[in-house]
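Just so it is clear, none of the values below were taken in a lab; they were calculated from the coordinates. Source: prediction; values computed, not measured. When we count neighbours, we look across all protein chains shown, and the Cβ atoms used for this are built from the backbone with ideal geometry, even at glycine.
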Amino acid sequence: MGSWWRRSSAIAHHMRSFPKVDLRRTAAQIHQAGSSWSNPFQSDKTLTPRSFPCNKAFLFSVERFKFTVAGKQLDSRHDDDDDEQALDFPGGKVPYTSEMTFISGSFDQRIPCYRVLDDDGELIRDSDFEKVNKELAVKMYSNMVTLQMMDTLFYEAQRQGRISFYITSFGEEAINIASAAALSKDDIVLPQYREPGVLLWRGFTLQEFANQCFGNKGDGGKGRQMPVHYGSRKHNVVTVSSPIATQLPQAAGMAYSLKMDKKDACAVAFIGDGGTSEGDFHAGVNFAAVMEAPIIFVCRNNGWAISTPISEQFRSDGIVVKGPAYGIPSIRVDGTDALAVYGAIHAARNMAISEQRPVLVETLAYRVGHHSTSDDSTKYRPLEEIEYWKIDRNPVKRFRKWVEINGWWSERDEAQLRSSIKKQLLQAIQVAEKTEKPPLTELFADVYDLPPSNLLEQEKQLRETINKYPQDFPSDVSV
């Protein structure tokens, strides 16, 4: 506690020592700059079902707002003769206008979506992307297949009543694996609950995944969490928390700590499109922007917040436009294109660390699976729409085509991989199912050094209740 108090005091002192911010660009300038962006990628194929545009353009919007000495904030856009026509306000000079003009709530065109591969898995001509060699590409593809197969078997295990709950990442495998591949092991990741691929990439074993879902003694969380609420200190991944968006302000604080310690690393926080409606999203992004914390906010816009479509979630052009409002660079990426995701996250990481600033990345990838095993998405969306994204826009198939085009993968490799992964998964499930559950005492441990009297009383009452009604409690939990 003493160490944390000293760190908190240091952070507070560091925050107070910052000068004020010079806001240098007007919305008109940003819009004017945006209109000059060119589209270097041309393709005859433009599949844009629902509201996911993929016009193939790579952009990080908004120039950095630089700190200047308070009291000497000069706006280079105005000559001395124009000073009388500007309001010298905290944050920088604001030009006057005699025209009553409201900033439009929307633009004529949507923010384009960066992609590298076309729908057939071929490189779009003259694509500007981060090169990926054979070793990295094969590992990325293998992990995408593993994640897909793990979701399939664990989902079936839940349907069989062997685990209580599960969430799949169907349709979002490229976001999981490609983003993880672009990061360093020193980067701190704060996931939502649809990013197990990040842990998989960092070495979390299939047995560890199974142990967590079955809540046995091999689970690092000692069986206290719901299934798929993974976490690992060893792999720099903060444990998943059910409440939506609570990890974002925490991530901003962690990023600021990395900044204070001058670490060559950043924080990476994942969130779904529905999570951006939470106050914690705005608090986290704004805090990171003001403090210039090295963090990447990755929003997985998958079209649905459980049964709420994005058309009922917000009126803005998705999530990417929210970045400039907070003064941070942003980009929209095709989340079914592994190369595009890899390149965007790679560039965002370099920017976050070298320039010490937050970056917002919006990925567009349809949620093919149900929200969770507690949901039946066919009740609120057409089956044809799901099948389209499952088959025609499958990120795993798309990336496989590119790897095969390069001569790095074959049908034999595919068969061997899937056979091996299936055996490993079935073995992991069998072992996890047979492993003993944590003892009852673990429910009351690891919070207090010496348990207070009220906690001891709760444990006593629980034991008395179990002894009185043993048939109502699991027999495989040691009391």
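As a proxy for reagent exposure, ranking Val268, Val361, Val320, Val290 by other Cβ atoms within 10 Å from fewest up yields Val290, Val320, Val361, Val268.
Each Cα pair of segment 256-348 feeds into the Kirkwood radius, which the Stokes-Einstein equation turns, at 10 °C and 1.306 mPa s, into a diffusion coefficient of 111 µm²/s. The number of Lys pairs in segment 330-479 with C-alpha atoms less than 23 Å apart, excluding pairs fewer than 8 positions apart on the same chain, is 11.
If you bin the C-alpha pair distances of segment 134-434 every 20 Å from 0, what whole percents do you get? Histogramming segment 134-434 at 20 Å steps yields 35, 60, 6 percent. Using the Cβ-Cβ distance between Tyr448 and Tyr388 with R0 set to 41 Å, the FRET efficiency from 1/(1 + (r/R0)^6) comes to roughly 0.20.
A viscosity of 0.692 mPa s and a temperature of 37 °C, combined with the Kirkwood radius over C-alpha pairs in the Stokes-Einstein formula, give segment 300-367 a diffusion coefficient of 256 µm²/s. DSSP assigns beta bridges within segment 134-434; of those with both partners inside it, close to 10 percent run antiparallel. Value of Rg to Rh for segment 389-479, rounded to two decimals, is 1.33; Kirkwood radius and Rg both from alpha-carbon coordinates. If R0 is 25 Å, what FRET efficiency do you get for Thr378 and Ser277 from their C-beta distance, rounded to 0.05? With R0 = 25 Å, the Cβ-Cβ based efficiency is 0.55. Counting 0.36 nm for each residue step from Lys397 to Arg224 and taking away their Cα separation leaves a gain of 58.6 nm.
Computed extension gain for Ser257 through Asp186, at 0.36 nm per residue and net of the alpha carbon distance, reaches 24.2 nm. With r as the distance between the Cβ atoms of Leu87 and Phe165 and R0 = 51 Å, compute the FRET efficiency 1/(1 + (r/R0)^6) and round to 0.05. Efficiency, rounded to the nearest 0.05: 0.40. Here the Debye sum runs over all C-alpha atoms of segment 144-290 as equal scatterers in vacuum, and log10 of I(q)/I(0) at q = 0.08, 0.10, 0.11 Å⁻¹ comes out as -0.22, -0.35, -0.42. The chymotrypsin sites (Phe, Trp or Tyr not before Pro) of segment 139-171 meeting both criteria, a DSSP state outside H, G, I, E and B (loop) and at most 15 other C-beta atoms within 10 angstrom of the site's C-beta, are Phe165. A simple spin-label model places the labels of Glu355 and Leu153 4.4 nm from each other, with each point 7 Å out along Cα-to-Cβ. Summing Lys and Arg as +1 and Asp and Glu as -1 over all other residues whose Cβ lies under 11 Å from the Cβ of Lys401 gives a net charge of -2. Restriction of the chymotrypsin sites (Phe, Trp or Tyr not before Pro) in segment 390-479 to DSSP coil positions whose beta-carbon has at most 13 other beta-carbons within 10 angstrom yields Tyr448. With the convex hull of the Cα atoms taken as the outline of segment 189-248, the averaged projected area works out to 3.7 nm².
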